[in-house]
Amino acid sequence: MEDQGLHDAAIFLMSLGEEEAAEVFKHLSPKEVQRLGETIAKTRSVSNERVSQVMEKFTSAASSESLLVSDTDNYVRAVLRRALGDDKASLLIDRILQGGDVTGIESLKWMDAISVAELLRNEHPQIIAAILVHLEFDQTASILKNFTERTRNDVMLRIATLEGIQPTALKDLNEVLYKILAGGDKVRKTSMGGVKAAAEIINMMGTQIESSVIETIREFDGELAQKIMDKMFTFEDLLKLDGKSVQMILKEVSGDALVISLKGASSELRELILANMSTRAAEGLREDLESRGPIRLSEVETHQKEILKVVRRLSDEGSIMIGGGEDESFV
């Protein structure tokens, strides 16, 4: 299951003690800290046998690892420059290492959506767009929900038409963000924004906001709006997947999340899911769907988005294909 590794990590950190666990957290991303923190908070008791299993698993994994290179950052730089030359290597190095000196707004990733929205509320839409494309798509979607419809649509239009970001484009931000910019004009333009980024962000917004944003972009450029829609992959688009792909997705989705997600799905999609489950599992799912009472639309959409994250991850890994070919793929 998708949560197995997360639960193992939570149990391991709890067994370390506060000081050691704190040192581990320093090396995690904001999203990893949040997910691990939530898991630890929900964990009330763990059997001794379960703790032993986790510790043995960690010991086994650790014993199979060895430190091949003492300074991996410098190693990556040296190897890429030797293989590709300075120009091509520099384009990749910034993206691979992704230090705070690359984007200059790493601290925003640790803030909640409302706080970021308040920070950016009075900035020009172009500045907001230039900043938001540096964040995770789901965080950007949450931030945009806190703007007025007019600002949100304007920002999304600008994100969709971005071809790249120069660090100098961020300099109109308030003094706090400006001071944490690093690299200045020397940092190369990064490939952010564009149709794919816009499609990913809109996917995270929910159907009501999605329609308004697409309509605004269509009024500006009908062809651009269509390109974005072609790149979007909605929950109902699971119907386009083959049976093997559906089965791979189901392995990483919890039963409860699946039930809630399917409450808002078409009968065709439900049948596709059921057809790719074992007879016993399908019977259980049918019973759960029938017995489950009304569920808020917001809760349904939240769980559908989580499943779509799994779909996109598997697609990025090359495990499944969610398009008809290179020119027709959605992500």
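The values are calculated or read from the model by the stated rules, or taken from the named source; none is laboratory data. These numbers come from a predicted model, not from an experiment. Reconstructed Cβ throughout: ideal geometry from the backbone, glycine too, with neighbour counts over all protein chains shown.
The set of residues in region 198-231 that are without any contact (Cβ under 8 Å) to a residue 24 or more places away in the chain, surrounded by fewer than 20 Cβ atoms within 10 Å (Cβ to Cβ) and small (Gly, Ala, Ser) comprises SER211, GLY222. In region 194-213, of all residues being farther than 18 Å from THR151 by Cβ and of a type in the set (S, T, N, Q), the one that is modelled with the lowest pLDDT corresponds to THR207.
Matching residues to (1) at pLDDT below 85; (2) among the β-branched types (Val, Ile, Thr):
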| site | (1), (2) |
| --- | --- |
| ALA113 | no, no |
| VAL116 | yes, yes |
| ASP138 | no, no |
| LEU177 | yes, no |
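For region 115-160, the set of residues classified as touching a residue at least 40 places away in the same chain (Cβ under 8 Å) and among the β-branched types (Val, Ile, Thr) consists of ILE127, ILE131, VAL133, THR140, ILE159, listed by residue number. The residues of region 271-312 that are assigned to a loop (DSSP other than H, G, I, E, B) and closer than 28 Å to MET204 by Cβ, listed by number, are ASN276, MET277, ARG292, GLY293, PRO294, ILE295, ARG296.
Looking at region 1-97, the helices (runs of 4 or more DSSP H) lying wholly inside it that each contain 1 or more residues that are at pLDDT 70 or above and not assigned by TED's automatic domain parsing to the domain that holds ILE307 sit at 4-16, 18-25, 30-42, 48-63.
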